[in-house]
Each structure stands twice: as C-alpha cells, then as structure tokens.
Amino acid sequence: MGSDEATGEKLTAQRPTWAAIHKGGGKVFISNYGGFMPHVGDVVDLAIITHPSGNPIDTANTKSTSPDAFLAEVATLSGVTDCVDWILEPATHNTFNPPDYPTVIGKMHERGAKVFTYMDSLAGGYGIPEVQRRLRGLGLWKAKLDGTMTWSYHHFMVPPHLEAGPLHWSNFHSFVLRGAEAPFDTLSWEAYREGYDDARYLATLQHAIAACRAAGEHPELAAETEKWLETVPTDVDLDTWRRQMIARTEKLLGLKPQ
C-alpha cells in the first residue's frame, strides 16, 4: 500500500519501494487523484482514484453554514446528478480538472491492473440513495471500473458517534449510524446494496449470453441482448433495467418461451 493521495515528489519517491515489492512477488495499491499514470502507473496493481463528485462535495462542505444547507446543496451538484457521465466524459466536466478517466482505466487494464474509485459521492450521509445505487451497479460497469472502495464507512477525525439520531457533521461520511450495540441502517446503505444486486443481475445475464454462444443456442437473442446492453443509457430507470435483465436471462436460459 502506498502513501495516501501522494503527488509530485512524494509520489515518485515511492517508485523504488514499489519496484522492490514487485520483485519480491508482492502487489501495490494506492489511492490517488488520477495523475499517477505517467509516473508510477507501471508499478501499480490497483489504483483507487477519486471520483470527480468528491471535489464539488468538499467545496460545498467548506462553504455551508449548517448540515441542512449542505445537504440541500449536495443533491443539486453536478457530479452527483450526473455521476456516471463525469467518468465517461470528463472533458465536459472540467471545473475541477478531473483526469482523463477512460484513458487511465484503459491503460491500466492493458497491463492487467485494476482501477477502483473512492469518494464516489463519499458515503451514506448525504441523502442521495439513488446516486449510491446508480454508481455501484450501472456506473461501475459503464465506466469499466473494477470496483469501489469509498471513503468512508465512518469518520476517523471525530469521536465515534455512538448514539442513534439525526444526521450531524460527525457522521456525514458514514454509511451506517453507529449504535451502542449494533449499527443502524440508512437509506444510502440499502441503496449501495441494491447497486451491488444490479451488478449481480448484469453478471448473470452476461454469463447467460456467454453460455448460449458456447452452446450455439439462441444466437439471434444473444446478439440482440448484447446490442441492447451496449445502448443502455446512464440515466435508465434502474428498476426497469433490472426487470429487463431478468426477463432476458430467463429467455436465454430457456426458463421462459422466447
């Protein structure tokens, strides 16, 4: 694991250490803003890069005078409302100078490495469950990302929040609210889970397509389904998308008549 969010000399100074780790058979993962590629990209196995929505949220955080004002602003921020397109088309969202995500992801994949995001709308305290779901299933797939490791499930700079209650500055970054005996669920945590389930339905459909191709079954339906997947828009209604994936999977597997 490398230094957190290092840039410039602090980033390049780690290169000899990472090369030694590779020589010994180990692997390296780092959190970074996305500018690591020209300097250490060849010695990184998993890059965890900031999602562009993190910067607008941080900026709103420093300017807001109350939790309520902050939450009201977050729900309207670009990068939150079009969270997937920020990754697919970074040049159209250049206010915070995001890296060229498609190029970084493509180059890392070419050498067999992986890319995760973090600060993808941060965690659960922002009252945007629909965004949490859209990013974790549809968004990761559309952007060709390998996963998410969002910061964070709790906040390390304040005392543990051990009481159930309304949202407060101390637990904005929490996916769940901590309790004396067990965590308390939140809408954002449930949305995260739903996004994960969307990804499972997608993977099941993709496996069904591959199985049909291998067996030479339903070639027209398999081809049409692949084309349909390629054209799914980033703002698709997620419940409708899931139902359509289920129906197509059942047809491909012969569980329902075509």
Check your understanding: Here are some conditions: (1) under 27 Å from the mean Cα position of the chain (by Cα); (2) surrounded by fewer than 16 Cβ atoms within 10 Å (Cβ to Cβ). Arg248 meets all but one. Which one does it not meet?
Key -> (2)
Check your understanding: Yes or no: Ala191 touching a Lys or Arg at 6+ places or on another chain (Cβ under 6 Å) and either over 19 Å from Asp120 (Cβ atoms) or surrounded by 13 or more Cβ atoms within 10 Å (Cβ to Cβ) (or both)?
Key -> yes
**Study point:** Verdict on Tyr192 being part of a helix (DSSP H, G or I) and modelled with pLDDT under 90
**Key:** yes
Practice item. May I ask you to say which residue of Leu46, Leu77 is at pLDDT 90 or above, closer than 21 Å to Arg136 by Cβ and under 21 Å from the mean Cα position of the chain (by Cα)? Key: Leu46
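Look through segment 201-242, keep the residues that are of a type outside the set (A, V, I, L, M) and not in a helix (DSSP H, G or I), and return whichever of them is surrounded by the most Cβ atoms within 10 Å (Cβ to Cβ).
Selected residue: His218.
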Review point. Going by the conditions given, is Ser31 part of a loop (DSSP other than H, G, I, E, B) and either surrounded by 13 or more Cβ atoms within 10 Å (Cβ to Cβ) or at pLDDT 85 or above (or both)?
Key: no
Check your understanding: Which number in (1) over 25 Å from Leu238 (Cβ atoms); (2) modelled with pLDDT of 90 or more marks the one condition that Val115 misses?
Key -> (1)
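The values are calculated or read from the model by the stated rules, or taken from the named source; none is laboratory data. These numbers were taken from a predicted model, which means no experiment stands behind them. Heads up, the Cβs are rebuilt from the backbone with ideal geometry, glycines too, and the neighbour counts pull from every protein chain shown.
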